[in-house]
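Everything below concerns the one structure shown next.
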Amino acid sequence: MSFLNPIFLFALMAVGLPLLIHLLNLKRPQKVAFSTLAFFQELKNTTIRRIRIKRYLLLLLRLLAIACLAFVLARPFLPPALSSGGNSQAPALNAILLDNSISMSRIGKQGPLFEYAREIVEDIEASAKDEDRFMLQLTNGEGEYTNILSPANLLNTLDETEIKPAGNFILNRLNGLIESVREAPYQNKNIFVITDGQLSQLSNLQDLEKDDISLTVIDVGEVDVQNTMVSDLTTSTNMIGTNIPFSLNVELANQSDVAAVNQFVSLEFEGQNAGQYSVALAPGERKIYTFEITPSQTGSSKGKLIIEGDEFQPDNEYYFTVQVPEAQNVLWVSEEKPAQDFISYTGAMLRVAGENDAQLTYQEATTDIFDTANLSDFDAILLDGVTDIPEYSFQALQSFVQAGGGVIFFPSENGDLGNYNDLLAQFNDGRFVGIQGEYASFNSVATADELLEDHPAFNGLFERDQDEQLRFTSPEIYYYLKLATSNTGTGFDLLSMNNGDVLVHEKRFGEGNLVIAAIGNDPGWSNFPVKPLFAPFYYRILLYSASSDQGGFANHQLGNTFSWMGNIEGEEAVIEIADDVIKPTIDVVSSGIRLRYPAEEWTPGWITVKDESKSYVLSSNMSTEESNFTETGKQQLENLIDGI
C-alpha cells in the first residue's frame, strides 16, 4: 500500500496520547477506614471488573480513531502489484493517463498540482515490480507517448511532460489506453487516471467502455482560486466593411467563489489598443463590456482580449479575427424569358447597388448554371421567380448554406409549390400550404405592417427617438403564397402581414441562412416595389445574407479536428501556425474545398490558411470548459464510470 499524503503518517505518533493520559490516571487507591466491607465483596468481583473492561475498550477505540484519522489524511491506495485481479506474481502492465490541462497549474496543499501528480506516478513506479511495464499518456495536446516503457524509460518520459494549453482529448486518450492494454500480452493490467477531478473533463467519460480492466482514478486535490475568463464574444451585425465602425460585445465570467476586484480587460485590434475597462465581478457573475472597432482593410484583421489582475492567468488571453470581404458576390438566378407580364424589380435593385456599393457585385444566370458553377465562388444566391428549381441542385444549395452562404428565394406566380416545398424540406423550414388572393388583380388581401426591427439586417436603418413608434408606409399585398413555418431550429419572421401570415422569413441553417419571401418582386404581387421601404429592406437582406460566411468571426475551438471550407486552390493549400507549415487533408465538396487536420498540438493563437494567391486568418482558443474548475464528486464519478 502507498500513500498520496505520506506526511500525515506522522500523526500516528498521536496514538500514544490517550495511552499516556490513561497511565497518568492510574493511581493506587487510598485506604479509608470503614466499619465493615462485607457487603462490598460481591461488588468488587463483578461491577468493578466490568468498569475496568469498559475503560480498556474505550482506550482501544480512542487509539484506533486517531490511527484511522491519520490513515485517511494520508490517502492510501493500492500499488499496481496489489490492485491486479490476476496472479500478483506475474508481470503487470500499468497504463497511466496524466492530466496536463491548464487547471493542473494551480497550487494546492502539496504544491503545484501537476508536480504532485508526477510524484504520484513516481510512487506507482516505485511500488511496482522490476518486471512490470508502463504506458504514459497525456490528456491535452498531442498524444506523443504510445509505447510500452520500462521503469527507467517511464521516469525519463515523465521528466519531459508539461502542462499544455491545448485541446483536451481525455476520452479519446483513455479509450486508446484501454484498447492498447486490452491487446497487450500481460496477465495483470491496470489503468491509473491522475487528475484534479475537473467535472468539465470527466463528464466526457460516461461513454467509456473499460470492460474488466482495473481502473483507478486518483484525485490530486481541490484548489480554490479566483478566475476571470472570456466566456463569449459577439457582434450585433455581420455586415462588416472597411472604415465602418461596429461594436464587439465581450462577456466576462467570474468562474469562482471569490470576488474579482482590481482587474482590467483591454482589447488590441490591428496592433493598436482599442480600449480598456476596469472589472469587478461577484462570485459566479457575468458581465458584458462593449468595445467599438473599425477595420482599416479588407481580409482578416487580428484582435486579442487581455485580462489583467486575475489570480489564474493561463486563460487570460482570447484571440479573434474579423473577416472583412473585399466584395460580396451574388449569383442572381432567374428564368431565361420571364413568363409574367411584369418585369421583376430585382434587376434594377442589383444594378443600383452594384453602381453605388463597391462591396457588392453580382452575376446573372439561369438554373443551368447549377450544372457547372462552383457555388463557393459566391457569397449569396438569389432565386428570383424560378418556376421549377432543379432537384439536383438541392444538395448543393443545402451544403452552400451550411458552409456559411446565404440563399434568398422569391417565388414565381407560376411556380410549382411541390417543388418549392421539396427545397424547403432540405432546410427543415416548413412548407407552402396554399395561395391567397389573385395575381395582378390589384385588390388588396392584406398589408405588411410588422417589421422585426431588432434583426441585424436592419441595424441602424431607421432613425427615430427612443420612445417613438416605428412607422412606415405599409405595402398592400394582392397575391401571396401562404407559408407555414417550422418550429424546429432558429427562425425569424422579418416582415409579417396584418392577418398574421408571414411575408418574409429567415431560417438559420448551419453557418448560413435561407430567406424566403411569400411574394415575388414584380407589381403583380403587391405594390411593395414602389414603396420607400422596398429598396433598403431588400438591399439590407441581400447584404446580410451575403455576409454570413465572410463577415464576422472565424474561430477554431481547440480539442476538435480543424475543418475549414472555402474558395481556395486545394493542391496549393497549406496551414501556417506559429513557425509550422502543415499540409492538411483536402476534400473536394459541392461548395468548394474542405481542409482537415487533427490539430491536437495547437495552442491559442492565430491560424493562417493560404494558397499562392489567397490568405485567410482564423483564431484558435481553448474551450471555456477548461476554465471551469468545478470538481467531480465521488458519487458523480461512480455514476460516470460504473464500477470504479
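The values are calculated or read from the model by the stated rules, or taken from the named source; none is laboratory data. All values reported here derive from a predicted model rather than from experimental measurement. Please note: Cβ atoms are built from the backbone with ideal geometry, for glycine as well, and neighbour counts cover all protein chains shown.
Data for the structure
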{"quantity": "Given (1) in contact (Cβ under 8 Å) with a residue 60 or more places away in the chain; (2) within 24 Å of Pro598 (Cα to Cα), number of the condition Gln187 does not satisfy", "calculated": "(2)"}
{"quantity": "Residue within the stretch 405-420 that is among the acidic types (Asp, Glu), farther than 19 Å from Phe534 by Cβ, free of Cβ contacts under 8 Å to residues at least 40 places away in the same chain and in the same structural domain as Val502 (by TED's automatic domain parsing) present", "calculated": "yes"}
{"quantity": "Any hit, the stretch 614-634, residues being of a type in the set (Asp, Glu), surrounded by fewer than 18 Cβ atoms within 10 Å (Cβ to Cβ) and assigned to a loop (DSSP other than H, G, I, E, B)", "calculated": "no"}
{"quantity": "Members of the stretch 97-135 found to be in contact (Cβ under 8 Å) with a residue 60 or more places away in the chain, under 30 Å from the mean Cα position of the chain (by Cα) and not in a strand (DSSP E or B), listed by number", "calculated": "Asp99, Asn100, Ser101, Ile102, Ser103, Met104, Ser105, Arg106, Leu113, Tyr116, Ala117"}
{"quantity": "Matching entry among Ser300, Ser296, Ser236 (being surrounded by 18 or more Cβ atoms within 10 Å (Cβ to Cβ) and under 28 Å from Asn513 (Cα atoms))", "calculated": "Ser300"}
{"quantity": "Hey, Val230 crowded, with 20+ Cβ neighbours inside 10 Å and over 24 Å from the mean Cα position of the chain (by Cα) or not", "calculated": "no"}
{"quantity": "Any hit, the stretch 208-217, residues being at pLDDT below 90, in a loop (DSSP other than H, G, I, E, B) and among the hydrophobic types (A, V, I, L, M, F, W, C)", "calculated": "yes"}
{"quantity": "Of all residues making up the stretch 143-173, the number that are part of a loop (DSSP other than H, G, I, E, B) and touching a residue at least 24 places away in the same chain (Cβ under 8 Å)", "calculated": "11"}
{"quantity": "Residues of the stretch 256-301 that turn out to be within 22 Å of Ser236 (Cβ to Cβ), part of a loop (DSSP other than H, G, I, E, B) and of a type outside the set (Gly, Ala, Ser), as a count", "calculated": "5"}
{"quantity": "Members of the stretch 495-513 that are outside any loop (DSSP other than H, G, I, E, B) and touching a helix residue (DSSP H, G or I) at 6+ places or on another chain (Cβ under 7 Å)", "calculated": "Phe509, Gly512, Asn513"}
{"quantity": "Complete set of residues in the stretch 495-517 that are surrounded by fewer than 23 Cβ atoms within 10 Å (Cβ to Cβ), charged (D, E, K, R) and under 23 Å from the mean Cα position of the chain (by Cα)", "calculated": "Arg508, Glu511"}
{"quantity": "In the stretch 569-591, the residues that are part of a strand (DSSP E or B), more than 16 Å from Ser615 (Cβ to Cβ) and in contact (Cβ under 8 Å) with a residue 12 or more places away in the chain", "calculated": "Thr585, Ile586, Val588, Val589"}
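Yes or no, residue by residue, for (1) in the same structural domain as Ile96 (by TED's automatic domain parsing); (2) within 27 Å of Phe629 (Cα to Cα):
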{"residue": "Asp219", "(1), (2)": "yes, yes"}
{"residue": "Val230", "(1), (2)": "no, yes"}
{"residue": "Thr237", "(1), (2)": "no, no"}
{"residue": "Val250", "(1), (2)": "no, yes"}
{"residue": "Asp257", "(1), (2)": "no, yes"}
{"residue": "Ala282", "(1), (2)": "no, yes"}
{"residue": "Phe312", "(1), (2)": "no, yes"}
